[in-house]
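A.B. asks: Have a look at this one before I ask anything.
The values are calculated or read from the model by the stated rules, or taken from the named source; none is laboratory data. Since the structure is predicted, the reported quantities are computational estimates derived from the model, not experimental observations. Every residue, glycine among them, receives a Cβ derived from its backbone with ideal geometry; neighbour counts consider all protein chains shown.
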Amino acid sequence: MTVDSGAVYNVAVSDTVASIAGAGSITLGSNTLTSGGSDASTTFSGVISGTNGNIIKAGTGTLTLSGANTYTGTTTINAGDLTVSGSLHDSTAVTIASGADYNVNASDTVASIEGAGNIVIASSQTLTAGDGNDKTLSGVISGAGNYIKAGSGTQTLTGNNSYTGSTTISAGLLKIIRDDPTSYLAATSGFTGPGNLTIESSGDDFTADIVTGTHVQLAGTALGNLIIGKTGNARQIDLSSDITTTGTQTYNGPVRLVGGDRTVSTTNSNIIFASTVNSDGTQRALTATNGTGDTTFSGAIGGSAPVKSLTITSDQLTLSRESFSFALPNTYNAPPLALTSSRLDTNFSANSCSGAIATTGMRSSISASGPCFSSPAG
């Protein structure tokens with residue numbers, strides 16, 4: 001069907017046509033128009049409008065929409081390509097079926113993205129998607145464009161994405177679930193907040209090491225919460241860069257300090273190291289600064305490769321279960337700290353702090369010295 005300039009195609013009831021083309025107008029009302037079954041590639045440069053009206057793209061051809069479309073219902077790409085060089089309405093939810101493509105040739109905002117199909121963002125263009133609903137896209141986002149995750153909901157990405165532009169999490173949670181997410185994480189030019197980022201494996205463990213300076217590049221506005229690894233992950237996380245967030249940082253997996261001394265900092269939120277912390281063979285210092293937040297180490301510090309020094313500025317420090325090995329005395333700049341149920345190696349001492357470290361309730365095997373300890377071990 002061709003709708004010429006100045007003409008109007010009124011979809012009074014839901015309908016299926018072979019194709020749509022032309023420069024006229026299509027009014028959907030609250031109905032659904034399915035087009036593309038002829039497998040022809042066509043361009044529609046007019047405006048598709050309609051409150052709660054829906055578009056379904058069928059067939060193997062490409063439908064290009066170059067107008068400023070205003071229909072507010074859903075956009076479903078069941079087959080072939082939908083190329084948007086104009087715009088879709090901000091409230092349209094886009095679903096891409098397996099084998100289908102959504103080509104974003106001009107910067108645009110949509111309510112959400114989901115499905116098993118692919119999204120291609122053209123160079124220098126930006127796709128903004130997300131509302132208060134949780135969505136999953138298992139297809140691949142590619143291209144040289146940028147992606148902005150909007151809205152309070154959770155957007156889960158499970159595909160091996162390769163887009164090289166920036167990733168901005170303006171609100172809500174972006175959740176990346178892949179056993180090996182490294183190629184995607186290395187492809188995007190950086191993550192910007194203030195929203196939250198979680199990177200997890202689909203299985204129990206990552207199948208490749210996560211290197212923060214390469215795979216979690218932070219730029220611009222700080223992220224909110226950052227979680228790397230699923231609880232119990234045994235694959236290594238390399239801190240090769242400093243990490244700053246406004247919310248909680250959680251490292252689920254053995255952490256290695258790589259390439260220099262490292263600082264992790266938050267704005268009055270918790271920092272959690274759920275496994276071991278070691279240096280990379282050269283003794284490295286770790287600084288954790290989180291104001292009124294708590295810092296927790298659940299595994300050995302320096303057990304296999306000593307940490308040069310540990311500086312904590314925190315409301316409470318919790319050391320759990322394991323042993324600790326430091327190359328130099330450590331400085332604790334904090335209010336009173338609680339060291340709970342820990343065994344401290346004899347080479348652990350704190351000789352400078354602004355608040356006492358309470359050792360009450362710790363096992364008798366502790367050997368701890370220095371003016372920061374407010375009561376004897378044991």
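A.B. asks: Looking at the stretch 224-232, can you tell me whether even one residue there is surrounded by fewer than 19 Cβ atoms within 10 Å (Cβ to Cβ) and closer than 25 Å to Q283 by Cβ?
C.D. replies: no
A.B. asks: Only one of (1) over 24 Å from S124 (Cβ atoms); (2) touching a Leu at 6+ places or on another chain (Cβ under 8 Å); (3) polar (S, T, N, Q) fails for Q236. Which number is that?
C.D. replies: (2)
A.B. asks: Give me the pairs: first residue in the stretch 122-134 and in a strand (DSSP E or B), second residue surrounded by fewer than 18 Cβ atoms within 10 Å (Cβ to Cβ), beta-carbon distance under 7 Å, and six or more apart or on different chains, which are they?
C.D. replies: Correct list of pairs: T126/S107; T128/T109.
A.B. asks: Any residue in the stretch 176-188 that's closer than 20 Å to N225 by Cα: show its pairings with residues that are modelled with pLDDT under 95 and not in a helix (DSSP H, G or I) at Cβ separation under 7 Å, as long as the two are six or more apart or on different chains.
C.D. replies: Matching pairs, first to second residue: L185/V216.
A.B. asks: Among G193, G139, which is the only one that is closer than 21 Å to T83 by Cα, of a type outside the set (A, V, I, L, M, F, W, C) and in contact with a strand residue (DSSP E or B) (Cβ under 7 Å, 6 or more places away or on another chain)? Reasoning before the result, please.
C.D. replies: On the way: G193 fails: closer than 21 Å to T83 by Cα.
The match here is G139.
A.B. asks: If you go through the stretch 279-295, how many residues are part of a strand (DSSP E or B), touching a Leu at 6+ places or on another chain (Cβ under 6 Å) and not hydroxyl-bearing (S, T, Y)?
C.D. replies: Matching residues across the stretch 279-295 total 1.
A.B. asks: Output the residue which, of all residues in the stretch 73-119 that are of a type in the set (V, I, T) and surrounded by fewer than 20 Cβ atoms within 10 Å (Cβ to Cβ), is nearest to the chain's Cα centre (by Cα). Step through it out loud before you land on a result.
C.D. replies: Going residue by residue through the stretch 73-119, those that are of a type in the set (V, I, T) are 74-77, 83-84, 92, 94-96, 104, 109-110, 113, 119.
Then keep just the ones that are surrounded by fewer than 20 Cβ atoms within 10 Å (Cβ to Cβ); that gives 74, 109.
Values: T74: 25, T109: 19 Å.
My answer is T109.
A.B. asks: Can you tell me which of T250, T276, T282 is surrounded by fewer than 20 Cβ atoms within 10 Å (Cβ to Cβ) and either in contact with a Pro (Cβ under 9 Å, 6 or more places away or on another chain) or within 16 Å of T295 (Cα to Cα) (or both)?
C.D. replies: T250
A.B. asks: A further question on this structure: Quick check on the stretch 12-46: of everything there that is aliphatic (A, V, I, L, M) and surrounded by 19 or more Cβ atoms within 10 Å (Cβ to Cβ), which residue is nearest to T76 (Cα to Cα)? Before the answer, list the steps.
C.D. replies: Within the stretch 12-46, the subset aliphatic (A, V, I, L, M) is 12-13, 17-18, 20-21, 23, 26, 28, 33, 40.
If we keep only those that are surrounded by 19 or more Cβ atoms within 10 Å (Cβ to Cβ) as well, we get 20-21, 26, 28, 33.
Working: I20: 15, A21: 18, I26: 17, L28: 15, L33: 10 Å.
Looking at the filtered set, the residue picked out is L33.
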